[in-house]
Every structure is written in structure tokens, then in C-alpha cells.
Amino acid sequence: MRLQESIIEAVGQVYNYLSENGEVTTKKMQKDLDLDANFTGMSLGWLAREDKIQIERKGAYTKVSLI
């Protein structure tokens, strides 16, 4: 599988996860999905660019949710 296809697949996993689980920390999401940190970051960047997610810093944690 090409890298771009892997990223697109990860974006879908992240989107579906957020749809089912609501607001969650990036660490929990990454652990639950068993995604590499790079794919998590690229997926969140992709979704943020498309205005699909809200990212908030809460203390030591970064929380993310769908808009």
C-alpha cells in the first residue's frame, strides 16, 4: 500500500473513532487505534485542515473532538 493510501486509511479510522467516542485525548485515541504517532498527527492535521475537528489543550493533555 502506498504511503498516501495508508494516511487516508488512518484519517478514516480517526474520524470514525471520534464519531463513536466523542472528545478524547490524542494519546488515548492513538493507543486505542494502535496508530503510529506520525499517522495520528497526519490524520489530525488532515481533519483540522478540512475543519472537521476541534483541538484543545487541557493542562498536559491535548483533546480532540469532531465539530
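Residues in segment 3-31 that are under 11 Å from L44 (Cβ atoms) and not aliphatic (A, V, I, L, M): 3 in all. Counting the residues of segment 1-26 that are within 13 Å of S65 (Cα to Cα), more than 9 Å from the chain's Cα centre (by Cα) and not polar (S, T, N, Q) gives 4. When the residues of segment 1-50 are filtered to those that are touching a residue at least 40 places away in the same chain (Cβ under 8 Å) and not in a helix (DSSP H, G or I), the one that is surrounded by the most Cβ atoms within 10 Å (Cβ to Cβ) is V24.
Only the coordinates and a few stated rules stand behind these numbers; no lab work does. What you see is a predicted model; the values in this text were computed from it and never measured. Cβ: placed from backbone, ideal geometry, glycine included. Neighbour counts: every protein chain shown.
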